[in-house]
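Have a look at the structure below before the remarks.
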Amino acid sequence: MLDHISIQCADVAASAAFYDAVLGPLGGARVLDFGEVIGYGVDGKPDFWIGPRQTGEGFRESHLAFTAPDRAAVRAFFEAAVGAGAEVLHEPRQWPEYHPNYYGGFVRDPDGNNVEAVCHTPG
């Protein structure tokens, strides 16, 4: 349903370093780089964008959930995030309240957004 999404960042360089680290284990990478506007994606299609904060005042938390191909990728995302200094929200685990095969790990990005990697297949 979504073609792409973009978030505004207080420090684009810090956010870029974070997303460079955590999206790699999920198969994502920088696809386009226009300096302070960077597009990440898979197979050459940028569907997640970051750029400088230009509108609004104050912080408004977003929740971003990235698809992981398997549970090992969720754990690799989480380890990369922690290695990049991310605040841990929830270590990777099953979330049966969502559905029996929901496996996700949650961290905060440099701007304080709730960022998750999730796999929906059995372990």
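The values are calculated or read from the model by the stated rules, or taken from the named source; none is laboratory data. Keep in mind that this is a model prediction, so the values were computed, not measured. Glycine gets a Cβ as well: all are built from the backbone with ideal geometry, and neighbour counts include every protein chain shown.
Among all residues of segment 24-38, there is at least one that is within 14 Å of the chain's Cα centre (by Cα), under 13 Å from CYS119 (Cα atoms) and among the hydrophobic types (A, V, I, L, M, F, W, C).
Checking each residue in segment 58-87 for being surrounded by fewer than 16 Cβ atoms within 10 Å (Cβ to Cβ), closer than 15 Å to ALA21 by Cβ and either touching a Lys or Arg at 6+ places or on another chain (Cβ under 9 Å) or charged (D, E, K, R) (or both) picks out GLU79, GLU87. Using the structure shown, decide if HIS4 is of a type outside the set (Gly, Ala, Ser) and touching a residue at least 24 places away in the same chain (Cβ under 8 Å). Yes: the conditions hold for HIS4. Condition first: touching a Ser or Thr at 6+ places or on another chain (Cβ under 6 Å) and touching a residue at least 60 places away in the same chain (Cβ under 8 Å). Now tell me which residues in segment 8-49 satisfy that. Selection gives CYS9 alone.
If you take the residues in segment 1-17 that are in a helix (DSSP H, G or I) and among the small types (Gly, Ala, Ser), which one is surrounded by the most Cβ atoms within 10 Å (Cβ to Cβ)?
Restricting to residues being in a helix (DSSP H, G or I) and among the small types (Gly, Ala, Ser), the top hit is SER15.
The criterion of at least 3 residues that are of a type outside the set (D, E, K, R) and farther than 19 Å from VAL42 by Cβ is met by the following strands (runs of 3 or more DSSP E) wholly inside segment 62-118: 87-94, 103-108.
For segment 48-61, the candidate set comprises residues that are assigned to a loop (DSSP other than H, G, I, E, B) and of a type outside the set (Val, Ile, Thr); within that set, the residue that is modelled with the highest pLDDT is ARG53. Scanning segment 72-93 for residues that are touching a strand residue (DSSP E or B) at 6+ places or on another chain (Cβ under 7 Å), within 19 Å of ALA29 (Cα to Cα) and not hydrophobic (A, V, I, L, M, F, W, C) returns a single hit, ARG75.
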